[in-house]
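The values are calculated or read from the model by the stated rules, or taken from the named source; none is laboratory data. On a predicted model such as this, the values are computed, not experimentally measured, just so you know. So basically every Cβ, Gly included, is an ideal-geometry build from the backbone, and we count neighbours across all protein chains shown.
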Amino acid sequence: MEKLYTRDIYGKTLVDLGKQDSEIVVLDADLSGSTRTSFFRKEFPERFFNLGVAEQNMMAVSAGLASCGKIVFVSTFAMFATIRALDQVRNTICYNNLNVKIVASHGGITVGEDGASHQALEDVNFLRAIPNVKIVVPCDAEETKNAVIAAYKTDGPFYIRLGRSKVPTIDKKKDFVLGKGYIVEEGRDLAIISCGIMVYESLVALNFLKEKGYSACVVNMPTIKPIDENLIVELGKKYKKIL
């Protein structure tokens, strides 16, 4: 099974979009090598801005650029994009419904040796409570590409959460549609709703469950906000157990 870095695909997709639209600008907080916005920096240095280790200021600058009509992609580690800069994301970007796309890498515990200070465990929960922002957690490289394109085409603030490690390509997935989830694997006893890297892990868990005599349905829910309420209701009607 092929494994790819989702952040590599993000960087390449940024370059493709940058060739199509000169209004796209990219901001980073001195981590462009890790977030892969360095791909865009190499192609369009005049449209790339390194704000240094000053994430709050970076979010405020991104809001200013968006208010001038730019389509802004802003990247750093998930911990710094949301926890450190939450005030600016909440009050400056989201409350004003500005066209800023926050694409954060190294989400969750995938930061490895960087340690607990870099682990964003609360980021999605915090942002779900904030008006206007859409939240997407792609399961693999292809879904990352489609999510970034959807963010570009959709006006308003976005948060796309990526991990650090390579992830397997999910074979049975459907085309990404903002606000929609879908069933990856059918089952009869329970439903597992997952997103991001946990979609693959849920599929791996199927073998363990089969050994225990259970048949599980695996659902990919890439859009956390707006979430696919209709699908959740349908799963609730069909399954007594939902994880």
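Observations, loosely collected:
- For segment 142-171, taking the residues that are in a loop (DSSP other than H, G, I, E, B) and in contact with a strand residue (DSSP E or B) (Cβ under 6 Å, 6 or more places away or on another chain), the one that is nearest to LYS3 (Cα to Cα) is identified as LEU162.
- Listed here are the helices (runs of 4 or more DSSP H) enclosed by segment 1-93 that have at least 3 residues being of a type outside the set (Ser, Thr, Tyr), crowded, with 18+ Cβ neighbours inside 10 Å and modelled with pLDDT of 95 or more: 6-20, 38-43, 55-67.
- Some residue of segment 166-178 being under 20 Å from LYS241 (Cβ atoms), surrounded by fewer than 22 Cβ atoms within 10 Å (Cβ to Cβ) and β-branched (Val, Ile, Thr): no
- Conditions (1) free of Cβ contacts under 8 Å to residues at least 40 places away in the same chain; (2) touching a Leu at 6+ places or on another chain (Cβ under 6 Å): number failed by SER105: (1)
- Candidate set: segment 192-202, residues that are over 19 Å from LYS238 (Cβ atoms) and of a type in the set (A, V, I, L, M); chosen: the one surrounded by the most Cβ atoms within 10 Å (Cβ to Cβ): VAL199
Let's see how each residue does on (1) in the same structural domain as THR35 (by TED's automatic domain parsing); (2) under 25 Å from VAL148 (Cα atoms):
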| site | (1), (2) |
| --- | --- |
| GLY163 | yes, yes |
| GLY187 | no, no |
| ALA191 | no, no |
| ILE197 | no, yes |
| VAL204 | no, no |
| ASN207 | no, no |
| LYS212 | no, no |
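- Checking segment 208-220 against the condition returns no match, with no residue being closer than 30 Å to LEU14 by Cβ and within 13 Å of the chain's Cα centre (by Cα).
- Sole exception among (1) touching a Ser or Thr at 6+ places or on another chain (Cβ under 7 Å); (2) within 21 Å of SER22 (Cα to Cα) for VAL136, by number: (2)
- Residues that are assigned to a loop (DSSP other than H, G, I, E, B) and either of a type in the set (Ser, Thr, Tyr) or surrounded by 15 or more Cβ atoms within 10 Å (Cβ to Cβ) (or both), drawn from segment 180-191: LYS180, GLY181, GLY187
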